[in-house]
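What follows is one structure encoded as structure tokens, with my remarks underneath.
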Amino acid sequence: MQHTDVLDGRVDGEVARSCDVVIVGAGFAGMYMLYLARNMGLTAVVIESASGVGGTWFWNRYPGARCDVESMQYSYSFSEELQQEWHWTERYASQPEILAYANYVAKKFDLLPDIKFNTRVTRAAFQEEESRWLVSTDQGTQYQAKWCVMATGCLSAAQTPKIPGLDTFDGRIYHTGNWPHEAVSLSGKKVGVLGTGSSGIQVIPELAAQAKHLYVFQRTPNFSIPARNKPMDAEYENSWKRSYSERREKARSMPAGILCDLGDKSALAVPAEERVQEYQRRWAAGGTGFTAAFADLLKNAESNRTAAEFVRERIREVVKDPSVAELLTPVDHPIGAKRICADTRYFETFNRENVTLVDLRTNPISEVTPEGVAAGSDFYELDCLVLATGFDAMTGALSKIDIVGRQGLTLKEKWRDGPNTFLGLMSAGFPNLFIVTGPGSPSVLTNVIVAIEDNVQWIARCIAHLIEVDGRYIEATQSAEEQWMEQVRKVAEGTLYTQAKSWYLGVNIPGKPAVFMPYVGGLPTYQQICDEVAVDGYRGFSIGTQSPCVERRQVNA
Ligand code: N01
């Protein structure tokens, strides 16, 4: 195996390690990209800021962190041997188990020698003359590569809100998206938690079980369905393993890339009693499949209301104090329009004596002081504060890197009014720069490992094509990109997704343009378009056999 270190060359007097592909990020996308690149006989290096593989599962180590896609599905499908030999112990895998799986994969496929850990990419600049990317890191190292793949993840840039006085707080502040590696003991402590999205909903029951008292600072209540997690059933696991490839194929034909029981009727097409029975059945089964009960739950507001009301009733049933139940009941958005949460005894937690719900809508936080949090006319003395405040999703990790394309164009500048890509895979002006599960792809609306595998395979196939035709560069055309983004916008507008103030829209980040980022047209449709584009000679992309600036000079001559 040829590793990148032996291929050093000089760029502007500096030693830059040279390889075919630079991959940024060693999560599930980066690892698979490395695997495929090496299988193609390419030299590749992965640059990763963490000290280990796993991406989001490396960082999100908070108590209760767990996947909401069943573990038999939330795993790679590219290796039959891997999917047969790995054993998941629970219906929904916990973060430590997913991280163990990522490490197992890295070891099994000997990926570690080509991953540079503890190294953050700070800049990636396209060198037009050579048609190569020069990638610089915070360790002072540089890598020069023909192709650069951003495998930076959709939910990897943790968001810390700007709250007056936050930095004066005397106790420890933890962010769920960047949880310490060492054990955190909260027993006997007064703990505050800010945020009630998926992370908050998972961490709150765990914190309540440890803390002396837990104050939950809630701005917006969320819909959540009991996960009903349980130990893996041996027969269930075996049934998957007996027909893994057929089931994976079926999963790929479903909108979210998840094999599930997808209702095909309108919620309004069945009698009320039957509808409620269906909701009850799904509520008892647990998990996010609840919102797949009827075909139009995310298209028709009236249908959606039936599901939302069912969940609201369950909240009122579980939470004993009616005023607390009312505060926990979401009313400002359709169910599923924000990412639906899956929980383990979340609403029940508010029946505990050591838990207080603080409604920030009526009592906004005015400041954090060294001793605690001031909200409305009340003051909450705290020993530590947990921020479950989410991520600068889909674009955050990319915008932390100074990405410079053709003629000095920066990605930050280009995406100032919202991200623009063709198929989420490439952005015009940035030749040979691929994005895995980028904005404009179904990504976060799917079993993301499926979306990752499909994107990475498309990129590998594209690179193979470029090698075959002696292409020096590939670049999305402006017009293909504009048409695609219009398509992304249009399909989103035909749904209820745009009716929630969600991170899908970017509105959780002050100043971020409100643009609905994922493609909601479903994974099969998206994949079909990607395949057709490739078969059609990469329609919507321009491929050049000379560097872009040589071509420009020839056109201008
Ligand atoms: O983040 P979020 P998350 N003052 O953005 C609140 C995936 N994930 O980390 O809604 C007060 O959803 C904010 O309030 P509001 C999954 O895709 C998956 O929980 O803006 N509150 C909200 O309550 C998920 O959707 C899994 O009013 C502030 C919360 O913080 C995505 O990651 C587990 C605030 C942020 O919720 C993100 O989830 C975990 C402020 N200044 C995560 N700023 C599973 O697989 C923010 N908030 C199960």
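The values are calculated or read from the model by the stated rules, or taken from the named source; none is laboratory data. Nothing here was measured: the structure is a model prediction, and the numbers come from that model. Positions of Cβ are backbone-derived with ideal geometry, glycine not excepted, and every protein chain shown enters the neighbour counts. Keep in mind that these areas ignore ligands, DNA and RNA; they rest on the heavy atoms of the full protein, side chains included. Shrake-Rupley method; radii C 1.70, N 1.55, O 1.52, S 1.80 Å.
Of LYS265/LYS490; LYS146/LYS338; LYS490/LYS512, which ones are farther than 28 Å apart at the Cα?
In this structure, LYS146/LYS338 lie more than 28 Å apart at Cα.
Using only the alpha-carbon atoms, how far is helix 301-318 inclined from the longest principal axis of the chain? Give it as 0 to 90 degrees, nearest 10.
Computed tilt is about 50 degrees.
Using a 7 Å offset from the Cα along the Cα-to-Cβ direction at both ASN351 and PHE117, what is the distance between the two label points in nm, to one decimal?
Reported label-point gap for ASN351 and PHE117 is 4.4 nm.
Less than 23 Å apart at the alpha-carbon level, and either on another chain or at least 8 residues along: which lysines does that give for LYS212?
LYS189, LYS190, LYS320
What longest range of the chain stays clear of loop-exposed GluC sites (Glu not before Pro) (DSSP non-H/G/I/E/B, at most 16 other C-beta within 10 angstrom)?
Counting only loop sites that pass the neighbour cut-off, the longest clear stretch is 372-557.
Which of the trypsin sites (Lys or Arg not before Pro) found in the range 355-455 are in a DSSP loop and have at most 15 neighbouring Cβ atoms, other than their own, within 10 Å?
In loop regions of the range 355-455 (DSSP not H, G, I, E or B), the sparsely surrounded trypsin sites (Lys or Arg not before Pro) are ARG361, ARG416.
Fully extended, how many nm does the chain gain between GLU317 and GLN84 (0.36 nm per residue separation, minus their Cα-Cα distance)?
So the chain would gain 79.7 nm between GLU317 and GLN84.
Among DSSP beta bridges lying fully in the range 333-466, give the percent that are antiparallel, nearest 5.
90 percent
Using label points projected 7 Å from each Cα along Cα→Cβ, tell me how many nm separate VAL507 and SER185, to one decimal.
It is 4.4 nm.
Output the 0 to 90 degree angle, nearest 10, between the alpha-carbon long axis of helix 523-535 and the longest principal axis computed from the alpha carbons of the chain.
Helix 523-535 and the main axis of the chain meet at about 0 degrees.
Determine one quarter of the surface area of the Cα convex hull of the range 48-107, which equals its mean projected area, and express it in nm² to one decimal.
Mean projected area of the Cα convex hull: 4.3 nm².
Can you compute log10 of I(q)/I(0) for the chain with the Debye formula, treating each Cα as one identical point scatterer, at q = 0.08 Å⁻¹?
Those come out to -0.55, one per q.
What lysines could a cross-link reach from LYS116, if we take a straight Cα to Cα line under 17 Å and drop same-chain neighbours fewer than 8 places away?
Straight-line reach from LYS116, under 17 Å: LYS107.
With the other protein chains left in place, how much accessible area per residue, in square angstrom, belongs to the range 275-420 at a 1.4 angstrom probe?
I get 44 Å² per residue for this part.
Multiply the residue separation of ALA269 and ARG461 by 0.36 nm, subtract the distance between their alpha-carbon atoms, and state the gained length in nm to one decimal.
That pair, ALA269 and ARG461, stretches by 64.7 nm at full extension.
At a Cα cut-off below 12 Å, give the aspartates and glutamates reachable from LYS400, other chains included and same-chain residues fewer than 8 away excluded.
Excluding near neighbours in sequence, the set is ASP392.
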